[in-house]
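Have a look at the structure below, then the notes.
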Amino acid sequence: MEWLAVFLAVLSAICLAYGAQRQGSAVRADTGGLTLNSTGFLRLLRNKRWMFGLLLLGAGMALNVVALSMAPLMVVQPIGAIALVITTIVNSRDQGIRLNRMTVVAIATCVTGSALFVVMAVQVIRESHTVTGRDELTTVLLLAVVVAVFGSLALTLGHKMRAFAYILGAGVLFGFVAVLTRIIASQLLDPNGLSTSNVQWYTVAGMAIAGALGAWFVQNAYSSGPPDLVIAGLTVIDPIVGIAIGITILGEARPDVPAVMKIAMGAAALLAIVGVIALSRHHPDVVKETKESRRRKKVAVIKNPEG
């Protein structure tokens, strides 16, 4: 069952990769690198490229939900790193971008760290585990704090937020969405026969709110950063958050996991994070935008030396 979940997660990653690239290019073309607003979002609803990307993302999310119903978060979530490689290749060809050496190294670091984490996670998961009502409520309450923090940042900073800030927020929020999806799926499949009666309203509400805010963050990240950087952040931050909750709150890991294994998993996660940070600094699109920004500032100083 777990290997079938892995296969579905791989298909999900492929759909997410192509969907992200299609939406990312559509948003960048529409906004010109500026922050997305409500008017721009309405225009995107009439953009065929963006809508096709939305359909692919929907298919990817559906496959991921099925995978999460078959295997723990620690197995399913890190597989999304495959999407990073696909998105980078597709986007570079679509935009005519030549990847530099540091970008390739950063991507390899992300994927290697995530892959190592998956291999080790499979070794430490519990065969069967039931999420208690207390664990579920704790997760939802923690999510409420996260939504309040990132929602406040979006309202107060607005267009001043950078792509990486949007990516960080989206990754954390979608990490919670994955956890709540896993909880709801297990409740619907509970052998007690109660089906939807097992599902708590606050869990569904929390998942919907986090998903909506996370989706808004992703679209804004597309407007100010390349799609492969967005995917890199999501495929690393999302699973790390989800797995951290799975281990610390839901108790998905075995209690007898050796300290060496815990350290190794932490090192793998850190390796993946370092890859994302490197990608956010050395990606050709980011380097180009940084140089262009510096050039505009110099021109502004020359035109208005006293201002």
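Would you pick out the residues in region 80-114 that are of a type in the set (G, A, S) and either within 22 Å of A29 (Cβ to Cβ) or buried (at least 17 other Cβ atoms within 10 Å of the Cβ) (or both)?
G80, A81, A83, S92, G96, A106, G113, S114
Is at least one residue of region 159-181 out of contact with any strand residue (DSSP E or B) (no Cβ under 7 Å at 6 or more places or on another chain), in a helix (DSSP H, G or I) and surrounded by fewer than 17 Cβ atoms within 10 Å (Cβ to Cβ)? Before the answer, list the steps.
Here is the first cut: in region 159-181, the residues out of contact with any strand residue (DSSP E or B) (no Cβ under 7 Å at 6 or more places or on another chain) are 159-181.
Checking the rest, the ones that are also in a helix (DSSP H, G or I) come to 159-160, 163-181.
Going one step further and asking which of them are surrounded by fewer than 17 Cβ atoms within 10 Å (Cβ to Cβ), we end up with 159-160.
Looking for residues that are out of contact with any strand residue (DSSP E or B) (no Cβ under 7 Å at 6 or more places or on another chain), in a helix (DSSP H, G or I) and surrounded by fewer than 17 Cβ atoms within 10 Å (Cβ to Cβ), one finds at least one in region 159-181, hence yes.
Hand me the list of helices (runs of 4 or more DSSP H) wholly inside region 48-149 holding 2 or more residues that are of a type outside the set (A, V, I, L, M), in contact (Cβ under 8 Å) with a residue 12 or more places away in the chain and under 20 Å from R182 (Cα atoms).
Qualifying helices (runs of 4 or more DSSP H): 48-70, 101-124.
May I ask you to say which residue of R162, R134 is farther than 26 Å from C15 by Cβ, at pLDDT 80 or above and of a type in the set (K, R)?
R134
State yes or no: is A253 surrounded by fewer than 24 Cβ atoms within 10 Å (Cβ to Cβ), more than 25 Å from R28 (Cβ to Cβ) and in contact with a strand residue (DSSP E or B) (Cβ under 9 Å, 6 or more places away or on another chain)?
The answer is yes for A253.
Taking G242, is it modelled with pLDDT of 75 or more and at positive phi?
Against the criterion (modelled with pLDDT of 75 or more and at positive phi), G242 does not qualify.
When you scan region 13-47, how many residues do you find that are modelled with pLDDT under 70 and not in a helix (DSSP H, G or I)?
The total comes to 6.
Return a yes/no flag: does region 245-256 have any residue that is within 18 Å of C110 (Cβ to Cβ), out of contact with any Cys (no Cβ under 6 Å at 6 or more places or on another chain) and modelled with pLDDT of 75 or more.
no
How many of the residues making up region 210-231 are within 22 Å of I86 (Cβ to Cβ) and under 13 Å from the mean Cα position of the chain (by Cα)?
12
From L229, L153, L213, which residue is within 24 Å of V76 (Cβ to Cβ), modelled with pLDDT of 85 or more and aliphatic (A, V, I, L, M)?
L213
Could you check region 166-211 and list, in sequence order, the residues that are hydroxyl-bearing (S, T, Y) and over 21 Å from F150 (Cβ atoms)?
We begin by selecting, within region 166-211, every residue hydroxyl-bearing (S, T, Y); these are 166, 181, 186, 195-197, 202-203.
Within region 166-211, S186, S195, T196, S197 qualify.
Go through region 204-248 and report how many residues are of a type in the set (V, I, T) and surrounded by fewer than 17 Cβ atoms within 10 Å (Cβ to Cβ).
2
What residue, of V274, V260, is at pLDDT 80 or above and out of contact with any helix residue (DSSP H, G or I) (no Cβ under 9 Å at 6 or more places or on another chain)?
Of V274, V260, the one residue that is at pLDDT 80 or above and out of contact with any helix residue (DSSP H, G or I) (no Cβ under 9 Å at 6 or more places or on another chain) is V260.
Out of (1) surrounded by 18 or more Cβ atoms within 10 Å (Cβ to Cβ); (2) at pLDDT 75 or above; (3) within 22 Å of A269 (Cβ to Cβ), the odd one out for V75 is which?
(2)
The values are calculated or read from the model by the stated rules, or taken from the named source; none is laboratory data. Predicted model, so just to flag it, every value in this text is computed and none were measured. Positions of Cβ are backbone-derived with ideal geometry, glycine not excepted, and every protein chain shown enters the neighbour counts.
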